[in-house]
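J.: Let me give you the structure first, and then I'll get to my questions.
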Amino acid sequence: MNSTPDTVVQPLKSPLNSPVTLAAEGTAAPSSDDAAARQPDRDPRLSNKDLDPLKQQKWGSYNIFAFWMSDVHSVGGYVTAGSLFALGLASWQVLVSLIVGILIVQFFCNLVAKPSQVTGVPYPVVNRAIFGVRGANIPAVIRGLIAIAWYGVQTYLASQSLVIVMLKFWPQLAPLAVNEHGFLGLSPLGYVAYALLWVAQGLVFWRGMEAIKRFVDWAGPAVYVVMILLAVYLVSKAGWDHVSLNLSAGKPLDFGASIPVMISAVALVVSYFSGPMLNFGDFSRYAKSFKAVKKGNLLGLPVNFLFFSLLTVLTASATVPVFGELITDPIETVSRIDAPFATILGGLTFVIATVGINIVANFISPAFDFSHVNPQKISWRMGGMIAAVGSVILTPWNWYSNATAIQWSLGILGALIGPLFGILIAGYFVVSKQRIWVEDMYTMSPKGRYWFVNGVNPNAVAATLISGLPAIASVILPTILGQAQWISDYSWFIGCGLGFVAFTALERSRPRIQAGEPEPATAA
């Protein structure tokens with residue numbers, strides 16, 4: 001029986017293996033029996049149990065929804081939503097910017113989710129079909145380095161929030177929170193808080209993806225409960241008549257002047273989610289169908305993000321009449337509440353939420369990336385611990401407060417997220433026409449479809465340079481010259497667009513990827 005749903009991936013013939021059938025919607029890809037039968041044929045330099053196609057894909061739409069709740073419901077998400085008012089926008093303009101930005105994020109997440117969902121493999125393995133079986137280490141290492149840096153930053157920020165909670169209950173520890181008594185720029189209490197969170201995150205990660213899924217399923221909704229209670233408490237204390245939803249400083253911009261600012265706000269929202277967007281394939285691979293992914297993204301992004309943003313604005317607005325000043329940090333907000341129980345409940349909940357986003361955004365992905373470099377010597381767990389140890393060695397508390405260091409480290413690496421995204425989307429949807437030969441991603445044979453030139457697709461490398469250099473320049477040059485600094489807000493779009501166009505053009509002028517002629521689609 002023929003079937004033509006939009007997510008069908010055709011049965012494909014590999015030059016080295018029997019036909020490989022990827023999933024029609026709602027089925028695992030490939031089947032566990034086929035995967036087990038073909039396992040001995042996979043090159044150990046490209047294969048281990050963490051990088052191989054999943055035998056079962058169990059996640060439903062709620063699990064994807066909970067993933068996005070953990071990404072959104074953090075101190076960073078709270079501050080980002082509230083900070084848009086500092087751009088001089090009125091409430092309705094901020095709302096429009098948030099909606100447009102998150103719809104763009106939803107669209108791109110659906111794109112990047114599909115190749116990993118239908119193949120059941122993580123992001124670095126999917127890139128073998130684009131960069132080559134060896135060349136895929138290029139995007140893997142770049143993404144891994146970005147994640148290490150941000151893992152350290154997020155752990156540090158969460159630890160500082162924990163310090164605030166600790167000092168609220170044990171003010172006698174204040175002398176230990178002074179940096180002049182510390183080592184390498186961090187106070188003794190700062191080290192204690194950082195170590196507690198570092199170990200806690202490591203323990204959750206070490207227990208595997210099922211434990212992480214359970215943690216994420218719980219953490220996101222828990223923050224909603226605290227956010228709603230916090231909003232109700234502050235609004236009732238302030239009185240609804242004293243709460244203004246317009247947090248902009250000074251007079252809002254007129255319509256003409258607000259347009260470019262709104263566009264920048266949209267870019268800010270997309271940039272904030274650029275890391276999770278690129279990493280999303282590592283999670284969509286666990287989804288039981290692409291339909292479940294799309295439903296989870298709908299609930300977790302526009303619906304969830306809008307409701308969370310409204311709660312954020314309402315809560316931040318109420319801090320003005322209650323505390324006499326605008327507070328956009330939720331940890332500081334709960335620390336001002338007189339009730340100790342409310343402070344510890346709210347503070348620890350937001351710390352847990354930040355830990356959640358750190359695990360899903362900056363721990364799991366580098367674990368796959370570093371395991372991909374040497375699958376037999378570096379397991380997924382070892383890859384994650386490499387990232388965790390690397391984050392400490394970077395001493396993020398020193399360079400995070402240094403704007404120049406951020407521009408030259410995170411700025412340069414972060415500018416490459418867009419190119420990697422654009423190249424992957426162009427390679428899968430335009431060049432390969434949504435066809436991937438799974439077993440060819442696990443062979444080092446020169447006859448393999450993804451061997452290209454010595455295991456590397458020169459078109460993908462060239463496209464990375466063509467798009468990456470302008471993206472990096474858009475971040476660095478405005479800082480050096482002190483002019484047109486607004487350009488850096490669009491580094492992701494510049495890199496993504498150039499990567500998409502460059503790779504498509506190179507593959508059309510000198511093709512390396514063979515899309516091939518699939519057999520007729522059949523229902524599973």
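The numbers here are math on the coordinates, done by the rules we state, and not lab data. Just so you know, these numbers come straight off a predicted model, no measurement behind them. Glycine gets a Cβ as well: all are built from the backbone with ideal geometry, and neighbour counts include every protein chain shown.
J.: Determine the dipole magnitude for the stretch 115-218: charges of +1 sit on the beta-carbon of Lys and Arg, -1 on that of Asp and Glu, nothing else is charged, the reference point is the Cα centre, and the result goes in debye to the nearest 20.
T.: 340 debye
J.: Now, a different point. Roughly what percent of Cα-Cα pairs across the stretch 50-170 reach past 16 Å?
T.: Of all Cα-Cα pairs in the stretch 50-170, 77 percent lie more than 16 Å apart.
J.: What FRET efficiency do you get for ALA505 and ARG214 if R0 is 45 Å and r is their Cβ-Cβ distance, rounded to the nearest 0.05?
T.: Details: r = 45 Å, r/R0 = 1.01.
Here the calculated transfer efficiency is 0.50.
J.: Residues with beta-carbon under 11 Å from that of CYS109, excluding CYS109: net charge, scoring Lys, Arg +1 and Asp, Glu -1?
T.: +1
J.: Let me ask something additional. For the stretch 227-311, what class follows from the C-alpha gyration tensor (a ≥ b ≥ c being the square roots of its eigenvalues): rounded when a/c is under 1.5, otherwise prolate if a/b is larger than b/c, else oblate?
T.: In terms of gyration-tensor shape, oblate.
J.: Set the Förster radius R0 to 41 Å, insert the Cβ-Cβ distance between LYS237 and ILE412 as r into 1/(1 + (r/R0)^6), and round the FRET efficiency to 0.05. Let's see the in-between values first.
T.: Values: r = 46 Å, r/R0 = 1.12.
Given R0 = 41 Å and the Cβ-Cβ separation, E is 0.35.
J.: Kindly state, to the nearest 0.05, the FRET efficiency for ALA473 paired with LYS55, given R0 = 41 Å and r defined as their beta-carbon distance. Write out the running numbers ahead of the final one.
T.: Working: r = 45 Å, r/R0 = 1.09.
Step by step, r from the Cβ atoms, then E = 0.35.
J.: Dipole of the stretch 317-428 (Lys/Arg Cβ +1, Asp/Glu Cβ -1, origin at the Cα centre): which of ILE417, VAL334, GLY356 lies farthest to the positive side?
T.: ILE417
J.: Something else about it: Give, in nm to one decimal, the length gained when the segment between SER264 and GLU332 is fully stretched (0.36 nm per residue of separation minus the Cα-Cα distance).
T.: Extra length available between SER264 and GLU332 comes to 21.7 nm.
J.: How far, in nm, would the chain grow between ALA462 and PHE169 when pulled straight, counting 0.36 nm per residue and subtracting the alpha carbon separation?
T.: Additional length available on full extension: 99.9 nm.
J.: ALA342 versus PHE307, label points 7 Å from Cα toward the beta carbon: distance in nm?
T.: For the pair ALA342/PHE307, the computed spacing is 2.3 nm.
J.: Note down the net charge around ILE436, summing +1 for each Lys or Arg and -1 for each Asp or Glu among other residues with Cβ under 12 Å from its Cβ. Don't jump to the answer; show the numbers that get you there.
T.: Numbers: positive: LYS114, ARG128, LYS433, ARG435, ARG449; negative: GLU439, ASP440.
Every neighbour counted, the sum reads +3.
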